[in-house]
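Written below as structure tokens is the structure these notes are about.
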Amino acid sequence: MYGLGIIKGLGVTLKHLVETYVDDFRWGVRRYTTDDGFVARQSTDTRGIFTVQYPEEKLAVPERFRYIPFLVVYDDDHPDHPGEIWCTSCGICTKVCPPQCIWIMRGKHPETGRPIPDPEYFYIDIDICMNCGLCAEYCPFDAIKMDHDYEIASYDRTTAHIFDKAKLSKPLSYWQKIAPSRALEEHLARETK
Amino acid sequence: MTMTPDDYSDLNNPDIPIPDELKSNIAITTLDRIYNWSRARSVWPLLFGLACCAIEMIATAASRYDPARFGMEVMRPSPRQCDLMIVSGTVTKKMVPQIVRLYNQMAEPRYVLAMGACASGGGPFKEGYNVVDGIDKFIPVDVYVPGCPPTPQALLHGFITLHKKIEGQSIMSVPWYKKGQSEAIPVPVLGPDLIDPRQGELIQAASEGEYSAQFETDENA
Ligand code: SF4
Ligand code: SF4
Ligand code: SF4
């Protein structure tokens, strides 16, 4: 019989509509005013359909979410290397980056002029970066990681969207906060090495 | 936008004498605020998408993220009726003439939001033979949203960024109330390659220079 699929589809839509209101009755205003309500509304077992009221409430991103890369540095209160960058300017990330949006220059020792494992410049053109995560995948020193911050729209490409070393650097504690299980995994792997 | 008393004095209408103690001309700044408030809350986007980013734009336009909360739900299929062009996706050379023509057809005030890496800077196809690395080579872009693709929330953040820009504008200085018509952007020509008419003389000079140099070396040989 023709048209059966359409009726089924409309049935699904109707079910969502009804469920949205049924759950509203069960939760009352708590659903929209409390944190529990938000978590329940956005979870995968929620019933009904909801709008994410974006600037006021934000969806939690999964741990493996990828946006723009950032460079890991030690926290400022680290006992041995406060604020030191992990990157050794080996250049592997620049070579694997598919759209070639990373540009780095190895630093030189101020006296001897010999190369040192510390990038003098590190730029990522975030308007070219395709968020693939290959740089983070290939970096042998765990020095570049994928950030979760997606609120980076701005008015000018050349001044605001070419991230330099200072803008890319974020402390290790930030990485441990946004990706706790991966940070732990990497930490254990480094320890056993 | 925070304003200093100097900014207010710029907004004053010189035809109306204002006593010194009322220099922070309330009437005109309030008008600005109402004007921008109403514009920022009814930005209608143009209904068109170019590549994978368009899928994410469609997701943003659906009820889950609901741009109707910003007065942006009406995607107009005609450039005459819209204020915002979301360049969502890879800008191929074949598409550029159409995009520039649509931009020219939009009524001012008009805004352009480059969505995703492709539209902003070329993205993964940056050096592709058939792709333009950034729509800002042809039309002025107001907001750049990075990402490949930007998630719906990132796009909404781009919309909010645009609203902030609109709210910072002043009715006294916006270009569309200036005298005379605004210049249309010459539509690029797609031949064997994309030609931007604004660079016509440059291209001609370069090609002539190349040819004459070639002839000279030929004669000398
Ligand atoms: S981020 Fe990693 S891969 Fe890239 S240069 Fe630094 S150490 Fe090498
Ligand atoms: S995420 Fe991919 S595109 Fe972006 S900098 Fe890393 S390797 Fe390059
Ligand atoms: S930026 Fe990425 S998702 Fe958007 S059109 Fe380009 S390739 Fe597709």
Counting only heavy atoms of the protein chains, get the accessible area per residue of the range A:1-60 (1.4 Å probe) and round it to a whole Å² value.
76 Å²
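To check you understand DSSP bridge types, tell me what percent of the beta bridges within the protein assembly as shown (both residues inside) are antiparallel, rounded to 5.
Details: 17 of 30 bridges.
Approximately 55 percent, going by the DSSP bridge assignments.
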Mean projected area (nm²) of the alpha-carbon convex hull when the range B:53-111 is viewed from all directions
4.3 nm²
Report, to the nearest 10°, how far helix A:4-27 tilts away from the longest principal axis of the Cα atoms in chain A, using its own Cα long axis and a range of 0 to 90°.
80 degrees
Starting from the 7 Å offset along Cα-to-Cβ, what nm value, one decimal, do you get for the label separation of B:K137 and A:D118?
3.9 nm
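Can you check how the C-alpha radius of gyration of the range A:9-91 compares to 2.2 N^0.38 Å, as a plain ratio? Don't jump to the answer; show the numbers that get you there.
Working: Rg = 21.5 Å, N = 83, 2.2 N^0.38 = 11.8 Å.
For the range A:9-91, the normalised Cα radius of gyration is 1.82.
Given a Förster distance of 22 Å, report the FRET efficiency between A:T46 and A:S181 from their Cβ-Cβ distance, rounded to the nearest 0.05. Working shown, then result.
Numbers: r = 24 Å, r/R0 = 1.10.
Given R0 = 22 Å and the Cβ-Cβ separation, E is 0.35.
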Under 17 Å from a point 7 Å along the Cα-to-Cβ line of A:K193: which residues of the range A:145-172 have their amide N that close?
A:145-146, A:172
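Could you tell me what fraction of 2.2 N^0.38 Å the Cα radius of gyration of the range B:122-214 comes to, as a two-decimal ratio?
On the way: Rg = 18.9 Å, N = 93, 2.2 N^0.38 = 12.3 Å.
Relative to the rule-of-thumb radius for its length, the range B:122-214 sits at 1.53.
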On protein heavy atoms with a 1.4 Å probe, the accessible surface that disappears when B meets A, both sides summed and given to 100 Å², is 2400 Å²
List the residues of the range A:54-76 for which accessible area in the full set of protein chains is at least 10 Å² lower than for the chain on its own; 1.4 Å probe, protein heavy atoms only.
A:Y54, A:P55, A:L59, A:F65, A:Y67
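Calculate, for the range B:52-177, the solvent-accessible area per residue in square angstrom, rolling a 1.4 angstrom probe over the heavy atoms of the protein chains. Intermediate results must be reported in sequence, preceding the final value.
Values: 4630 Å² over 126 residues.
Accessible area per residue, the range B:52-177: 37 Å².
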List the lysines whose alpha-carbon lies under 26 Å from that of A:K170, not counting same-chain residues fewer than 8 positions away?
A:K58, A:K95, A:K108, A:K145, A:K193
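Let me know the charge dipole size of the range A:1-60 about its Cα centre in debye, to the nearest 20, where only the beta-carbon of Lys, Arg (+1) and Asp, Glu (-1) is charged. Write out the running numbers ahead of the final one.
Details: 8 positive and 8 negative charges, 47 e Å.
I would put it at about 220 debye.
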Computed over the range A:52-193, Cα set: Rg, Dmax in Å
15.9, 57
Can you pull the accessible area of B:L202 for me, 1.4 Å probe, Å² to the nearest 10?
120 Å²
What share of Cα pairs, in percent, lie more than 23 angstrom apart in the range B:52-177?
30 percent
Subtracting the Cα-Cα distance from 0.36 nm times the residue separation, let me have the gained length for A:K58 to A:K15 in nm, one decimal.
12.9 nm
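As an exercise, take the mean of 1/r over every pair of distinct alpha carbons in the protein assembly as shown, invert it, and state the Kirkwood radius in angstroms.
25.4 Å
Ignoring ligands, DNA and RNA, what percent of the 1.4 Å accessible area of the range A:41-144 is carbon and sulfur? Display every interim value, and only then the final one.
Working: 2940 of 5700 Å².
That fraction is 52 percent.
The values are calculated or read from the model by the stated rules, or taken from the named source; none is laboratory data. As the structure is a prediction and not an experimental result, all values here were calculated from the model. Because the Cβ atoms are built from the backbone with ideal geometry, glycine has one as well, and the counts that use them run over all protein chains shown. Heavy atoms of the whole protein, side chains included, go into the accessibility calculation; ligands, DNA and RNA do not. Shrake-Rupley method; radii C 1.70, N 1.55, O 1.52, S 1.80 Å.
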